[in-house]
Amino acid sequence: MGYLDLTRRDVLKIGGYASVAAFLAACSRAGGGTSSSTSSGPGTASVGSNQSDTSATGGPRKGMADVTAAYQQATGDTLKVNTVDHGTFQDQISSYLQGTPEDTFTWFSGHRMRFFAAQGLATPVDDVWNKVKGNFTGAFAEAVKGDDGHVYGIPVDYYPWAVFYRKSVFQQHNYQIPTNWDDFKALCMQMKKDGLVPIAIADKDGWPAQGTFDILNLRLNGYDFHVNLLNGKQKWTDSKVTNVFKKWAEITPFYNDGAAGMKWQEGADLLIQKKAGMTVIGLFISQQFQASDVSDLDFFPFPAMGTQYDAEKALDAPIDVMMMSKRSPTLSADMAAAKRYLEFWAKGSTQVLMYHSAPGFIPAASDADASSFDALTKKAVQIVSQAKRITQYFDRDSRPDYAGPNGMQQFLLNFLANPSANPSNLQNTMQQFWDSLPPEK
Amino acid sequence: MADPTTTPAAPVQAETGTGAVAAVRRRRRYSLLTRHDKLILTLMVGIPLALDLILIWAPAVASVGISFTNWSGIGPITSDNFVGVRNYQVLFGSYIFFRPALAHNLIWLAFLTIIATPFGMFLAVLLDREMRGTRIYQSIFFLPVVLALVVVGFIWELQYAPQEGFINNALGLTRGGHIIDWLGNPRINLYAALVAASWRHVGYIMVLYLAGLKSVDPTLREAAAIDGANQRQTFFRVVFPVMAPINVIIVVVTIIESLRAFDIAYIINRGKNGLELLSTLITNNSISEASLVGFGSAIAVVLLVISLVPIILYLSRVMRNMTA
């Protein structure tokens, strides 16, 4: 019995599956878009963009819109831009690239690029690179290579980390730029006497403090140790790491209160309002300044620590790239246009167009017209070119499950909450946590 | 077999069923429902059931399965991915963020149960007394409930910000240089987040309870008044017991709100530095760039098991009432 019941249920089931399938198909169509381009004439391409921020100068969002217009005009192609909030884009990158991504997408070089390349979620762009590589220096060529030696990204911009200050504040108090650790601390002492917060720091988001860790580790222990440490080839319990925390603890008394509850913008505001004398951050801090005020912003490289590694002049200078996805449903049809789009990004003129809206990010192409750069950018270009070693930033150089909020971000917050404590407990925790992570494939 | 029947199942029945047993069975099949009714019923039960299975049970069971793997969320799961109970060993053994997260969820539950929920009920009882402007008060207290928790998080973030926030500036702490780091001090930021969560929770409970109070038969209160009961006695001995069904709902709502606590902590600092919750650990491990989907699923399974306790208690209570 129940034969008919069964068929009825079957019908229902089939109906259910059919509607789910239709639903999924509808979704993917909505996500993918349709196109029918040939390899010659104008085509369509799409880009997933994390350039969602706006600022007084227009911000990356406006820059992206300008570049899109210029690209469409130059090539006759149609470009579809899908802009997602910067942080959200980052959080969802893994599922995004596995689902129905756009043909091309904005991303970061370093471990974060190599990881997705190794997972087969990015398309190598060696042919585009071979056309444009003359427009980039060797450091960029290294930074866009995957583990397999293929090229996976086109460098779009970069920005160095340094010690930022206001010229007017330094002039007013007659401060000199410190070049070594003792001068740096003496300057902090003087600023404190003058009623300033010597060094502004805002670490609620967890990543800003990683910049100070990077530069101290680079100066004290050198590039090789730093890279090996971030890749698990050195131990967090090493006495060299202890030394980093001990040196760091010498300047933590010069930090502002409430650092663990402030966003980087609030830390920048302390500098803008002339309440703080200096801050260790990336060039993007210039976005936070009013256009009329930004000429007062200046920076100097982190002071020398008196080790043999000072000569490396190493610094964090993260590179942003434009990549090509693998699973985009439209990619095979759009391939020619998508490559044209990447090629377009490799031009200095494109990158300068972006720079006008987002001056915290320096064009990476060699033929970018440097005469349109402001003094700050020119200086930034200079210190990066002088650096013998360049790192990408902690959370771009290390594995993401270690660098994240329930990991390194927390460890540094623990350190900042009690900098004078013996770091060995913290170091043990850091190593133990590293060891608990599954092996990386 | 004797009575020819008009039900559509008849021909099938005639072929398969012979003898007395079939006859008895077939007689049972007579029902008040027509074929049309049955179809409608099947659809009405079947569609929600299918959705329930596809959207809730399948992912839940899949999570349990994935929790025994080291799957990164990329590519297929192969037999190489299975790591047995390793995720659980790490979780209960060495994962330093698990115990704080569990403790914070329990504190969240205790705070809502002991402070926020009773306060919401208290407001409801006050507003039920037809005082002047009761509707204005109701609107004010209910307003936060209309806001998404994410928005509540943003609003309170602005209040709590150490240097630029309203609270520290209003208290004059920024001038004195002794600011309170509401969001960054791991000893207090959980309670700061709880105040934000309660701001919304109180209004929610108030509305639920107020609706319940309005439905209490007024003659009960009159009878209590005639018997000489004072306000307090009337509430605790008469109204409160009559409100039993609403009380259960409120308990369930409070527990659910505590277990699913996520938005505010995540908005503030992604659930770290004193704001770890089971839900933020799941997100940070499995949905973010970390790509530890297997490990994140193990935490999700723990949360599922914890959630089952109040659900089972609630259901067993409801079912006992139904059978009684």
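Just so it is clear, none of the values below were taken in a lab; they were calculated from the coordinates. From a predicted model like this one, the values you see are computed outputs, not experimental measurements. With ideal geometry, Cβ positions are generated from the backbone for all residues, glycine too; neighbour counts draw on all protein chains shown.
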Cα gyration tensor of chain B, axes a ≥ b ≥ c as square roots of the eigenvalues: rounded (a/c below 1.5), prolate (a/b > b/c) or oblate? oblate
Summed side-chain charge close to A:Trp161 - residues other than A:Trp161 whose Cβ falls under 11 Å, Lys, Arg +1, Asp, Glu -1: -2
Show me, for region B:134-143, the HN-Hα J-couplings you get by feeding each phi into the Karplus relation (A = 6.51, B = -1.76, C = 1.60, θ = phi - 60°), rounded to Hz, glycine and proline as x. 4, 5, 5, 4, 4, 4, 4, 5, 7, 3
In degrees from 0 to 90, rounded to the nearest 10, what is the angle of the helix A:408-417 Cα long axis to the longest principal axis of chain A? 30 degrees
Residue order, fewest to most beta carbons within 10 Å, for A:Glu250, A:Glu266: A:Glu250, A:Glu266
What residues qualify as long-range amide H neighbours of A:Asp316, i.e. H under 5 Å apart, gap of 5 or more or another chain, H built at 1.01 Å from N? A:Trp161, A:Thr391
Once the protein assembly as shown is represented by equal point scatterers at the alpha-carbon sites, with solvent omitted, what log10 I(q)/I(0) does the Debye formula produce at q = 0.10 Å⁻¹? -1.15
Based only on other Cβ atoms within 10 Å, what is the fewest-to-most ordering of B:Ile287, B:Ile179? B:Ile287, B:Ile179
Which angle from 0 to 90°, rounded to the nearest 10, does the C-alpha axis of helix B:98-111 make with the longest principal axis of chain B? 90 degrees
Under 1.5 on a/c is rounded, so check that first for region B:97-290, then, if it is not, pick prolate when a/b is larger than b/c and oblate when it is not; a ≥ b ≥ c are the square roots of the alpha carbon gyration tensor eigenvalues. prolate
Taking K and R as +1 and D and E as -1, what net charge do the other residues with C-beta under 12 Å from the C-beta of A:Ser55 add up to? +1
The long-range amide H neighbours of A:Asn180, using H built 1.01 Å from N in the peptide plane and a cut-off of under 5 Å, are A:Ala304
What FRET efficiency, computed as 1/(1 + (r/R0)^6) with R0 = 60 Å and r the Cβ-Cβ distance, is obtained for A:Arg327 and B:Leu126, rounded to the nearest 0.05? 0.55
Using θ = phi - 60° and the Karplus relation 6.51 cos²θ - 1.76 cosθ + 1.60, list the HN-Hα couplings for region A:104-110 in order, rounded to whole Hz, with x at every Gly or Pro. 10, 8, 7, 7, 10, 7, x
Mean residue ellipticity at 222 nm from the helices of chain A, using -39,500 (n - 2.57) per DSSP H segment of n ≥ 4 over the full residue count, to the nearest 500 deg cm²/dmol? -14500 deg cm²/dmol
Compute the acute angle (0 to 90°) between the alpha-carbon long axis of helix B:35-52 and the principal axis of greatest extent of the alpha-carbon atoms of chain B; round to the nearest 10°. 40 degrees
Taking the Cα centre of chain A as origin, sum charge times position over the Cβ atoms of Lys and Arg (+1) and Asp and Glu (-1), and report the length of that vector in debye to the nearest 20. 240 debye
Listed by chain and number, the residues whose amide H is under 5 Å from that of A:Thr83, excluding neighbours fewer than 5 places away on the same chain and using placed H, are A:Ser49
With the cut-off at 1.5 for a/c, could you classify region B:180-309 from its C-alpha gyration tensor as rounded, prolate or oblate? prolate
